[in-house]
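*Asks:* Quick one: the structure is below, and I'll ask about it shortly.
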Amino acid sequence: MSGGFFQYQQYRIEEIAEAIKECIQKPEDYSLSEEVVAKMKIAVMHLEYSYVYVSACDRLVSGDSSTESFFERLNFDLNYFNKKYE
């Protein structure tokens with residue numbers, strides 16, 4: 001396994017999503033309105049969605065997966081993601 005095409009920087013996306021989730025859990029600590037929290041939840045969803053795609057692209061272009069496994073894994077991960085947000 002290589003260092004990844006993106007040098008594993010896709011994990012920063014995941015870290016940012018987790019940091020936003022922490023803010024959402026204690027909105028009073030950050031003076032966040034319900035409207036802001038709702039938008040931040042959408043931001044987290046988009047970040048997590050982006051992480052799925054960037055990770056799939058990273059595995060493909062770094063040679064860690066074939067085109068066939070790229071689609072298989074991407075579909076698997078997207079199905080998991082979609083169930084999470086149903």
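*Asks:* When the Karplus curve 6.51 cos²θ - 1.76 cosθ + 1.60 is applied with θ = phi - 60°, which whole-Hz ³J(HN,Hα) does each residue of segment 52-69 get, with x for Gly and Pro?
*Replies:* The phi angles translate into 4, 5, 5, 4, 4, 4, 4, 4, 5, 6, 8, x, 7, 8, 8, 4, 4, 6 Hz.
*Asks:* 5 Å is the cut-off here: which amide hydrogens, built 1.01 Å from N in the peptide plane, fall below it relative to Phe5, excluding neighbours closer than 5 in sequence?
*Replies:* For Phe5, whose amide H was placed from the backbone, the distant partners under 5 Å are Ser62.
*Asks:* Here is a further query. How high is the relative contact order of the chain? Use alpha-carbon pairs under 8 Å, at least six apart in sequence, and give a whole percent.
*Replies:* Here the relative contact order equals 35 percent.
*Asks:* Which number comes out as Rg/Rh for segment 1-80 once both Rg and the Kirkwood Rh are worked out on C-alpha atoms?
*Replies:* Rounded to two decimals, Rg over Rh is 1.11.
*Asks:* Give me a comma-separated list of calculated 3J(HN,Hα) values for segment 33-40, in order, Karplus coefficients 6.51, -1.76, 1.60 applied at θ = phi - 60°, integers in Hz, x for any Gly or Pro.
*Replies:* Running phi through 6.51 cos²θ - 1.76 cosθ + 1.60 with θ = phi - 60° gives 6, 4, 5, 5, 4, 4, 5, 5 Hz.
*Asks:* Only helical DSSP H runs with n ≥ 4 go in: add -39500 (n - 2.57) per run for the chain, normalise by residue count and round the 222 nm mean residue ellipticity to 500 deg cm²/dmol.
*Replies:* -25000 deg cm²/dmol
Read-outs throughout are calculated quantities, based only on the coordinates presented, and are distinct from any laboratory measurement. Computed from a predicted structure; not experimentally measured.
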